[in-house]
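The values are calculated or read from the model by the stated rules, or taken from the named source; none is laboratory data. Since the structure is predicted, the reported quantities are computational estimates derived from the model, not experimental observations. Neighbour counts are summed over all protein chains in view; Cβ atoms, including those assigned to glycine, are modelled from backbone coordinates with ideal geometry. Accessible surface areas use protein heavy atoms only, side chains included; no ligands, DNA or RNA. Shrake-Rupley method; radii C 1.70, N 1.55, O 1.52, S 1.80 Å.
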Amino acid sequence: QVQLVESGGGLVQAGGSLRLSCAASGRTISSYCMGWFRQAPGKERDLVAAFKGSLGSTYYADSVKGRFTISRDNAKNTVYLQMNSLKPEDTAIYYCASSPTWGSMRSEMYDYWGQGTQVTVSS
């Protein structure tokens, strides 16, 4: 059984930083496409960052390029999202997800999801 457990969300002031963690079990993260999505109230769930290839190539949404970094620790089977220079518009629930298909860009291509962690950025 695959489980993804996120942690690290919270309340931070604009300009601050947070690091989200996604601990996986039942699936080896280095063998699957792992992504971070976010969903703000009343909006769709959008892909923020992902490992899109088996060699570690990454994808970032334009809105977070240069501020967010996705990384992974294969020994811990954990994926991270380092978020710097946070803005109020980054406020959302952040979800970790896993897909059996490399390069997955749409949420429906991901078959396992974490429970989500709230990130709130105050102005």
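Among the residues of the range 8-38, those that are assigned to a strand (DSSP E or B) and more than 11 Å from the chain's Cα centre (by Cα) comprise 10, 11, 12, 13, 18, 23, 24, 25, 33. Test residue 113 against the stated conditions and say whether it is open to solvent by 70 Å² or more (accessible area, probe 1.4 Å) and of a type in the set (A, V, I, L, M, F, W, C). Against the criterion (open to solvent by 70 Å² or more (accessible area, probe 1.4 Å) and of a type in the set (A, V, I, L, M, F, W, C)), residue 113 qualifies. Sub-9 Å Cβ pairs linking a first residue in the range 61-76 that is over 22 Å from residue 88 (Cβ atoms) to a second residue that is open to solvent by 60 Å² or more (accessible area, probe 1.4 Å) and assigned to a loop (DSSP other than H, G, I, E, B), at least 6 apart or interchain, are 74/28, ordered by first then second residue.
Contact annotation: residue pairs with Cβ atoms under 7 Å, 6 or more positions apart or on different chains, pairing a residue in the range 81-103 that is among the charged types (D, E, K, R) and modelled with pLDDT of 95 or more with a partner that is outside any loop (DSSP other than H, G, I, E, B) and open to solvent by less than 40 Å² (accessible area, probe 1.4 Å), are 87/121; 90/83; 90/119; 90/121. Of the residues making up the range 80-110, those that are over 23 Å from residue 28 (Cβ atoms) and either exposed (fewer than 15 other Cβ atoms within 10 Å of the Cβ) or not aliphatic (A, V, I, L, M) (or both) are 84, 85, 87, 88, 89, 90, 91.
If you go through the range 74-117 and pick out every residue that is of a type in the set (Asp, Glu) and under 14 Å from the mean Cα position of the chain (by Cα), you end up with 1. Taking the range 1-43 as the range and being of a type in the set (Gly, Ala, Ser), open to solvent by 20 Å² or more (accessible area, probe 1.4 Å) and in contact with a Phe, Trp or Tyr (Cβ under 7 Å, 6 or more places away or on another chain) as the test, the residues that pass are 9, 21.
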